[in-house]
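See structure below.
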Amino acid sequence: MDLSVAAGYLGVVETVLMDAEPTSLDAAALLGILQLLKEVSDMDANEPEELATLEQLGQHYVAIAGAILEEQNAEEWSKIKPILDGPMTVVENMDKMVSSLHQLLSTERPKVTIWCKNVGE
């Protein structure tokens, strides 16, 4: 899966979650979303031209993570607890994704040097 496809999938999931009232999920849906978030957090991005897609992907990721961590999903989290570490799984995956983005943005950003000439010279 490439970054634009992942951003598209996350966009669809975000739309579905935000349009559902309330945003409660069954255990299978929660597991599916967690698997998608894990796959996205494991992706590598190396090209500077992917920065716009990365921004979009990150926004969708955060919105989805917020939606699945809502209180109305607490019962479903308890059902999948034997499979995963619970909501900390989302936090760990998000931390991994943010660390990867930080490295990419830190190394790919061009260094800008500003030369100033004193006015009195």
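The values are calculated or read from the model by the stated rules, or taken from the named source; none is laboratory data. As the structure is a prediction and not an experimental result, all values here were calculated from the model. Cβ: placed from backbone, ideal geometry, glycine included. Neighbour counts: every protein chain shown. Remember, those area values only see protein heavy atoms, side chains included, never the ligands or the DNA or RNA. Shrake-Rupley method; radii C 1.70, N 1.55, O 1.52, S 1.80 Å.
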So which residues in the stretch 69-106 are open to solvent by 50 Å² or more (accessible area, probe 1.4 Å), outside any helix (DSSP H, G or I) and either touching a residue at least 24 places away in the same chain (Cβ under 8 Å) or among the β-branched types (Val, Ile, Thr) (or both)?
70, 83
Which of the residues belonging to the stretch 14-43 are under 13 Å from residue 67 (Cβ atoms), part of a helix (DSSP H, G or I) and open to solvent by 80 Å² or more (accessible area, probe 1.4 Å)?
16, 18, 19
Residues 66, 11, 58: which one is without any contact (Cβ under 8 Å) to a residue 12 or more places away in the chain and either outside any helix (DSSP H, G or I) or open to solvent by less than 60 Å² (accessible area, probe 1.4 Å) (or both)?
66
